[in-house]
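Working notes, beginning with the structure itself.
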Amino acid sequence: MKKLVFSCAVLIAGFGAMMTVGCKKKSNSSPPANPTISCTTCVTAAEAKAENDNSSKGTYKGVIVGSSGTIKFDIGNSDSTIRAFMVIDGVKDTLAATIKWVSGVSYVSSFTGTFNGQPASINFSVDANGGNPTVTSMNIPGHPSATLTMSKETSDNLIECFEGSIVDITTGETGTFDMMLSTKLKKWSAQVRTTGQTSSSSVSGVIDGTKLSFDDGKGSTGNATLSGDKIIDGTWVNNKPEHGTWIATRTL
């Protein structure tokens, strides 16, 4: 919904160290169909180790829009290996870092590998204390206009990633609605992209029990229900006026 008045300003301050990066070439990729299967492989507790909470070491999780997917950066959290686990439209790839981790300084490295048999790379950086995780550029074959949003997970703050879809009932447009949430912080954030478009917009909100809601202060509001590994009964309205629905299923 390019027409949706979801504010393109980043509304996710306070959700933790989080960033978005975009590449500006055209893509013909389409968003996924409505998700129907709950995540049977997702963890139920944070993977990040306590000793890495204030370090560039640790776990960083996020979503990729254009088409749709998730990514997890493991910066020496599990063992000494530094890698990124990426899934886009069901295709998996593991990218390896080219730079070793050094204590007390910011960590900057390219992550390289293959995606669909072609070279892929992501340039990643993060402050020494784990702040400002940033992807400065990406080269993902078949997905030149992808955007990536991520957050640092800490030992007491599990980051859950969901892939979903959105429908504008007024216009008939459809799109991708991929999001992250933290039940500890009671916050969520999503990237929204209309089918056929090459840019994304951000929307975020709060969690009250099992209820998700947002109000961007510019006439767009929405609600949904968190039911296990699913976001269900999502509705939204703006001041065009337009209205529609959104759903998502946890995949990381």
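The values are calculated or read from the model by the stated rules, or taken from the named source; none is laboratory data. Source: prediction; values computed, not measured. Virtual Cβ from ideal backbone geometry, glycine too; neighbours counted across all protein chains shown.
Couple of notes before you dig in:
- All positions within the stretch 185-197 that are buried (at least 19 other Cβ atoms within 10 Å of the Cβ) and either closer than 21 Å to Ala46 by Cα or touching a Cys at 6+ places or on another chain (Cβ under 9 Å) (or both): Lys187, Trp188, Ser189, Ala190
- The stretch 68-83, subset of a type outside the set (Val, Ile, Thr) and surrounded by 23 or more Cβ atoms within 10 Å (Cβ to Cβ), residue farthest from Lys152 (Cα to Cα): Ser68
Here is a yes/no grid of residues against (1) closer than 30 Å to Asn123 by Cα; (2) touching a His at 6+ places or on another chain (Cβ under 7 Å); (3) free of Cβ contacts under 8 Å to residues at least 24 places away in the same chain:
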position	(1), (2), (3)
Thr147	yes, no, no
Thr154	yes, no, no
Arg193	yes, no, no
Asp215	no, no, yes
Asn223	no, no, yes
Gly228	no, no, no
Asn239	no, no, no
Ala248	yes, no, no
Leu252	yes, no, no
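- Screening Asp53 with (1) farther than 17 Å from Asp127 by Cβ; (2) in contact with a strand residue (DSSP E or B) (Cβ under 9 Å, 6 or more places away or on another chain); (3) among the charged types (D, E, K, R) gives one miss only, at (1).
- Residues of the stretch 196-252 that turn out to be farther than 17 Å from Asp178 by Cα and among the small types (Gly, Ala, Ser), as a count: 4
- Within the stretch 114-146, considering residues that are of a type in the set (A, V, I, L, M) and under 21 Å from Val102 (Cα atoms), the one surrounded by the fewest Cβ atoms within 10 Å (Cβ to Cβ): Ala128
- Annotation: Thr70 fulfils all but one of (1) at pLDDT 50 or above; (2) farther than 15 Å from Thr251 by Cα; (3) touching a Ser or Thr at 6+ places or on another chain (Cβ under 6 Å); the unmet one is (2).
- Screening the candidates Gly175, Gly164 for the property of being part of a strand (DSSP E or B), in contact with a Lys or Arg (Cβ under 6 Å, 6 or more places away or on another chain), small (Gly, Ala, Ser) and under 22 Å from Met86 (Cβ atoms) yields one hit, Gly175.
- Complete set of residues in the stretch 211-228 that are at pLDDT 95 or above and either aliphatic (A, V, I, L, M) or assigned to a loop (DSSP other than H, G, I, E, B) (or both): Leu212, Ala224, Leu226
- Among the residues of the stretch 44-63, some residue qualifies, meaning at least one is crowded, with 21+ Cβ neighbours inside 10 Å, in contact (Cβ under 8 Å) with a residue 24 or more places away in the chain and closer than 22 Å to Asn116 by Cβ.
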